[in-house]
Structure formats: structure tokens, C-alpha cells
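Have a look at the structure below, then the notes.
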Amino acid sequence: KAGVTQTPRYLIKTRGQQVTLSCSPISGHRSVSWYQQTPGQGLQFLFEYFSETQRNKGNFPGRFSGRQFSNSRSEMNVSTLELGDSALYLCASSLAAGVLNEQFFGPGTRLTVL
Amino acid sequence: AQSVTQLDSQVPVFEEAPVELRCNYSSSVSVYLFWYVQYPNQGLQLLLKYLSGSTLVKGINGFEAEFNKSQTSFHLRKPSVHISDTAEYFCAVSEDDYKLSFGAGTTVTVRA
């Protein structure tokens, strides 16, 4: 069974641009969560989607948004990029919503903002 | 609000020696506790979790953790480490089944 895939793996953008990251969950998984990992702030929860609905959102500005499609694939978008948005963005999928369902993580997308 | 403190940022250890990674949390309610491992250039992998019941939890790769409610701790142990255990380890807590709050991580370096 294929794992969680994230594309692209690496991305370089400049300040002010916007970016879209993609996550394909494990087949049959309906929940997708996104996390931001930085050396300074560590791992922080961004949002969770289940059945195309945002179930929960972390403490991030409105520049960070996401969506989930009917096939459970998810995208997250960051608009008006800032230097501080440079991070590893991790996606995790699970069979159902909630952290009690084991989350399987993808390898991440490393975003560099210049 | 919940928070997680991993007391050691780096733990060097010799191969076949035991290792303990310390994790303390603060929360006013009952919590669910997790340990994840992140190998270089990879995502996170669940090692073990405590939801309820026995306070000693066994996970994959020979790891175990003990939940201590009075000390609000969830320390991770392995009796004998291998070179392949070199990785970063994260303790995480959830109060509400909605999201995980992670500690800052502990880098374990296993030396021959």
C-alpha cells in the first residue's frame, strides 16, 4: 500500500508570492492534517480536514488556508509569503478524524522563502 | 491549555546501552499521550500511544513508555539501542482528540 505522498518535495519562493502544496493520503483514508515544522517553533498544527470539511484549525494567520477534495486529496495554500514561512510542511492521513486514529505522515515539503 | 516539555534536547548514547527520553506535560484535564520518531529527511512515525488503561505502554522497535499521572510525565525507554535508532523523537499530547501539541524534540545519536 502506498504511503502518504507530498508534492513537491522542495520549493523555493520569494517574499510576497503564494504557494500551493499537495498531499495525497493513503488509499481509504479520509482525514488529512497539516503541520508546520521549523527549528524555532517546532511542530505546530495547521488544520485538519475530514470529508472535505475543515474540522479544526491551529493558531495561524488567514494567509494559511487549505481544502480537501472528494478523493480525500488535500492542498494547502500560503499567500503573501514571508521569510518566517520557511519550514517543512508535513501532511498526515488517517482513516477517520481525530488524533486517536493513527496518523501516517508523509515526507514533507520543504519550503524556502527568499 | 496543554503544553509539552522534553527535558533533553540531545542524548548521545552508545550502542547496546539503555536510553530514556523524558517528557513532561501540563494539562488540567485528562490527556492522550504519544511518542513519534523522525528519521532524517522523513516524516514522523508513531512509536506508541497512551489512551487509557495500563500505564506501561509498549511500542514498536522495542520502545516502551510509562504514564505517570501524579508527575504528569510520559518517559520513553529502550533497554538496548542500535545505530538505527539515531533519530529525533517527539513527545505529543492531545486533550480533545482534535489536535496534537508537540514537544521540541530530542535528538538521539547512537555511537558504536
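The values are calculated or read from the model by the stated rules, or taken from the named source; none is laboratory data. Note that this is a predicted model, so its numbers are computed, not measured. Here the Cβ is made from the backbone with ideal geometry for all residues, glycine too, and neighbour counts use every protein chain on show. Keep in mind that these areas ignore ligands, DNA and RNA; they rest on the heavy atoms of the full protein, side chains included. Shrake-Rupley method; radii C 1.70, N 1.55, O 1.52, S 1.80 Å.
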query: Counting Lys +1, Arg +1, Asp -1, Glu -1, what net charge surrounds B:Phe34 among other residues with beta carbon under 11 Å of its beta carbon?
result: 0
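Could you tell me the ratio Rg/Rh of chain B? Both radii from Cα atoms, Rh via Kirkwood. Spell out each step's value before the answer.
Values: Rg = 13.4 Å, Rh = 14.0 Å.
Rg/Rh: 0.95.
If you roll a 1.4 Å probe over the heavy atoms of the protein chains, what accessible area per residue do you get for chain A, in Å²?
Roughly 46 Å² per residue, with all protein chains present.
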- request: Have a look at B:Ala17, B:Ala65, B:Ala92 and tell me which one the Gaussian network model of chain B (Cα, springs below 10 Å) gives the largest fluctuation.
  value: B:Ala17
- request: Quickly work out the B:Gln45-to-B:Asn68 label distance, labels modelled 7 Å from Cα along the C-beta direction, and quote it in nm with one decimal.
  value: 2.9
- line: Sparse-neighbourhood loop hits (trypsin sites (Lys or Arg not before Pro), region A:21-114; DSSP loop; Cβ within 10 Å at most 12 others) -> none
message: Rounded, prolate or oblate for the protein assembly as shown? Axes are the square roots of the Cα gyration tensor eigenvalues, ordered a ≥ b ≥ c, and the cut-off for rounded is a/c under 1.5.
response: prolate
statement: Result for interface chain A to chain B, accessible surface buried in total, 1.4 Å probe, Å² to 100, stands at 1700
